[in-house]
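Some notes on the structure that comes next.
The values are calculated or read from the model by the stated rules, or taken from the named source; none is laboratory data. This is a predicted model, so every value here is computed, not measured. Ideal geometry is used to build each Cβ from the backbone, glycine not excepted, and the neighbour counts take in all protein chains shown.
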Amino acid sequence: MIERKCGIYKGRNKSSAYGDLVWTVATSSDTSLDIKAQTKLALDTIQNNLVELGSDKTRIVSAQVYIADMNSKSLMDSVWCEWFGDNPQDWPQRACLGVDLEGDVLIEITVTAVR
């Protein structure tokens, strides 16, 4: 059975789960902030979404990070690395792509995690 958690945007859910896998997506809840603050808020939302479906950030196996300006990747990376911590065993596989994002959104993150 597929579990789906509704978000605030029409046409998509914020999270889904099937068996032992969880998928979720997040942007910052405040797009007036800089890339570092938007990254922190998006990661905190990811954690909340994962917990809601029986997982957490230590169980993320894959992540895709979409940022509006690849010149700000190092700033995003600093928040990312602090959030995940120093243990390489807690780090997911990750791809980072520069893309056009809507409005003042500077970052969007999707992850797959295990429950």
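Of everything in the range 23-43, what is more than 20 Å from Gly103 (Cβ to Cβ) and not hydrophobic (A, V, I, L, M, F, W, C)? Give them in sequence order.
Thr24
Within the range 84-93, which residues are surrounded by 15 or more Cβ atoms within 10 Å (Cβ to Cβ) and either assigned to a helix (DSSP H, G or I) or touching a Leu at 6+ places or on another chain (Cβ under 9 Å) (or both)?
Within the range 84-93, Phe84 is the sole residue that qualifies.
Please indicate, with yes or no, whether at least one residue in the range 70-78 is of a type outside the set (S, T, N, Q) and either under 20 Å from Arg12 (Cα atoms) or at pLDDT below 95 (or both).
No, every residue in the range 70-78 fails to be of a type outside the set (S, T, N, Q) and either under 20 Å from Arg12 (Cα atoms) or at pLDDT below 95 (or both).
Condition first: touching a helix residue (DSSP H, G or I) at 6+ places or on another chain (Cβ under 9 Å), over 17 Å from Lys40 (Cα atoms) and among the hydrophobic types (A, V, I, L, M, F, W, C). Now tell me which residues in the range 63-115 satisfy that.
Leu97, Ala113, Val114 - these are the residues of the range 63-115 that are touching a helix residue (DSSP H, G or I) at 6+ places or on another chain (Cβ under 9 Å), over 17 Å from Lys40 (Cα atoms) and among the hydrophobic types (A, V, I, L, M, F, W, C).
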